[in-house]
Amino acid sequence: MKRISILGSTGSIGTQTLEVVEQNKDLEVTALAAGSNIALLEAQIRKFRPSLAAVWSEEKAKELKARVADVPVKIVSGMDGLLQVATEPLSHILVTAVVGMIGIRPTIAAIEAGKDIALANKETLVTAGHLIIPLVEEMGVRLLPVDSEHSAIFQCLNGEKNNKISKILLTASGGPFRGRTREQMKDIQVEDALKHPNWAMGQKITIDSSTMVNKGLEVMEARWLFGVGMDQVQVVVQPQSVIHSMVEFEDGAVMAQLGTPDMKLPIQYALCYPERRPLPGDRLDFWKLKDIRFEEPDFENFRGLALAYQAGRTGGSLPTVFNAANERAVSMFLNRKIGYLTIVDIIEGAMERHKVIPHPSVEQILEAERETYDYIESRW
Ligand code: NDP
Ligand code: MG
């Protein structure tokens with residue numbers, strides 16, 4: 001029996017993880033954590049019977065405790081609650097499906113406790129990759145990618161342990177505004193940006209996909225997961241999202257992983273690795289697949305991607321500033337406080353004024369995050 005804990009069980013990745021658990025009789029849930037959706041968390045507790053559950057706010061935790069008084073489950077709250085879920089003694093693997101760099105401390109604590117990590121929460125690796133990768137090696141745990149592109153790359157690397165990667169070809173759909181100029185994007189509303197052409201995901205990542213900031217975060221995520229330089233990761237726009245990513249080796253051979261867009265595949269692959277299990281769902285039909293097109297990314301109109309390369313190349317605390325500024329700006333856009341193009345202006349402004357710390361500790365990362373939020377508050 002493999003025992004699983006999930007940070008962010010009520011979200012898009014969290015709920016799909018639970019669907020995978022349901023389909024595999026040798027997977028079991030020991031601990032769940034959510035932000036505020038206690039109605040769904042209660043239903044999950046009743047169905048999956050974890051021994052521990054965390055809710056971010058103390059008040060909501062109290063409410064949940066009363067609602068599940070008839071079930072043998074311990075309810076905790078706050079950062080301490082997330083840390084308890086991450087390190088739950090009986091669990092083997094932690095699925096990090098919270099959104100944002102709030103995942104840093106629990107992810108590190110889980111690795112220190114010897115847990116394998118199924119990583120969806122890319123913001124954590126982008127901001128703290130220089131601390132997490134050496135820790136993963138030191139602890140001898142597995143860091144298994146859930147992000148579809150990174151799972152594709154991971155699958156392309158099967159059996160290639162001693163072969164050098166010359167290039168990672170990270171595919172991107174280009175999002176709903178592919179082909180538009182900045183001028184044509186200035187009036188975009190929240191509803192427009194929440195319509196992704198190929199994937200149904202949480203709100204923050206959907207906005208990030210539309211600005212291409214998501215792809216920028218993924219370039220940095222790939223750099224840490226696969227030990228390559230920023231400039232070895234090339235973004236290839238492939239609007240149909242059929243090719244999930246590719247790896248080019250030194251002899252020029254290119255390996256690719258293809259499939260229909262279904263996050264349950266990378267989730268199940270991470271949870272059952274190295275085994276492949278049956279997975280119901282649509283299959284690629286090459287007779288119906290009329291064309292697969294490729295384009296270069298548009299760095300000029302999608303400046304968030306260019307800024308991500310700049311942040312990743314500089315390294316240190318700059319990826320934290322890039323990420324924190326984006327997290328705050330996206331939340332302001334979702335709350336209709338700023339216009340669409342201002343998201344990237346905020347990221348650029350925050351990066352310009354930041355004095356880079358070369359190898360930041362967790363405290364320095366969290367301090368850079370706070371400084372970025374203070375700057376945005378004072379300026380926007
Ligand atoms: P969602 O917004 O759908 O879900 C986020 C989850 O995190 C929810 O369960 C939410 O709880 C929980 N959460 C938020 N804040 C806190 C907090 N302070 N404490 C505890 N739990 C919290 O996001 P997604 O599932 O889309 O994305 C999760 C991560 O996975 C992101 O990093 C994203 O980039 C990555 N990812 C997602 C993909 C997708 O297809 N969705 C694909 C690839 C990567 P509640 O709902 O109760 O507030
Ligand atoms: Mg992805």
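The values are calculated or read from the model by the stated rules, or taken from the named source; none is laboratory data. Small disclaimer: the values here were computed from a predicted structure and weren't measured. Here the Cβ positions follow ideal geometry from the backbone for every residue, glycine too, while neighbour counts run over all protein chains shown. Accessible surface is based on the protein model in full, side chains and every heavy atom, while ligands, DNA and RNA are left aside. Shrake-Rupley method; radii C 1.70, N 1.55, O 1.52, S 1.80 Å.
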- [ ] Please specify each residue of the range 224-240 satisfying the condition of being assigned to a helix (DSSP H, G or I), out of contact with any Lys or Arg (no Cβ under 7 Å at 6 or more places or on another chain) and away from ligand 1 (no atom under 16 Å from the Cβ).
- [x] F226, D231
- [ ] Kindly list, by first and then second residue, each pair from a residue in the range 15-28 that is under 13 Å from A118 (Cβ atoms) and open to solvent by less than 10 Å² (accessible area, probe 1.4 Å) to a residue that is assigned to a helix (DSSP H, G or I) and not hydroxyl-bearing (S, T, Y), limited to pairs with Cβ atoms under 6 Å and residues at least 6 apart or on different chains.
- [x] T17/I267; V20/K264; V20/I267; V20/Q268
- [ ] Identify all residues within the range 117-130 that are of a type outside the set (A, V, I, L, M) and not in a helix (DSSP H, G or I); write none if there are none.
- [x] N121
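Does the range 286-305 contain at least one residue that is within 16 Å of ligand 1 (Cβ to nearest atom) and at pLDDT below 95?
No - not one qualifying residue is present in the range 286-305.
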Open item on the list: Could you list, ordered by first residue, the pairs with Cβ atoms under 7 Å in which the first is in the range 204-220 and among the hydrophobic types (A, V, I, L, M, F, W, C) and the second is in a helix (DSSP H, G or I) and within 11 Å of ligand 2 (Cβ to nearest atom), at least 6 apart or interchain?
Closed with: I205/N214; L217/K122; L217/D208
Open item on the list: Need the failing condition index for Q155 against (1) within 16 Å of ligand 2 (Cβ to nearest atom); (2) assigned to a strand (DSSP E or B); (3) open to solvent by 10 Å² or more (accessible area, probe 1.4 Å), just the number.
Closed with: (2)
Task: I133 vs. criteria without any contact (Cβ under 8 Å) to a residue 40 or more places away in the chain and assigned to a helix (DSSP H, G or I) - done: no
TODO: Scan the range 336-380 for residues that are polar (S, T, N, Q) and within 20 Å of G304 (Cα to Cα) and jot them down.
DONE: T342, T372
Open item on the list: Looking only at the range 11-38, count every residue that is part of a strand (DSSP E or B) and β-branched (V, I, T) and tell me the total.
Closed with: 2
Task: Hits in the range 315-341 - residues which are of a type outside the set (D, E) and open to solvent by 30 Å² or more (accessible area, probe 1.4 Å) - done: R328, S331, L334, N335, R336, K337, G339, L341
- [ ] Check off (1) in contact with a Gly (Cβ under 9 Å, 6 or more places away or on another chain); (2) part of a helix (DSSP H, G or I); (3) more than 13 Å from ligand 1 (Cβ to nearest atom) for A61 and give me the number that stays unchecked.
- [x] (3)
Task: Residues of the range 90-106 satisfying the condition of being away from ligand 1 (no atom under 11 Å from the Cβ) and either closer than 20 Å to C272 by Cα or modelled with pLDDT under 95 (or both) - done: L90, S91, H92, I93, L94
Open item on the list: Just to check your reading of the model, which residue among K122, K161 is modelled with pLDDT under 95 and under 22 Å from Q234 (Cα atoms)?
Closed with: K161
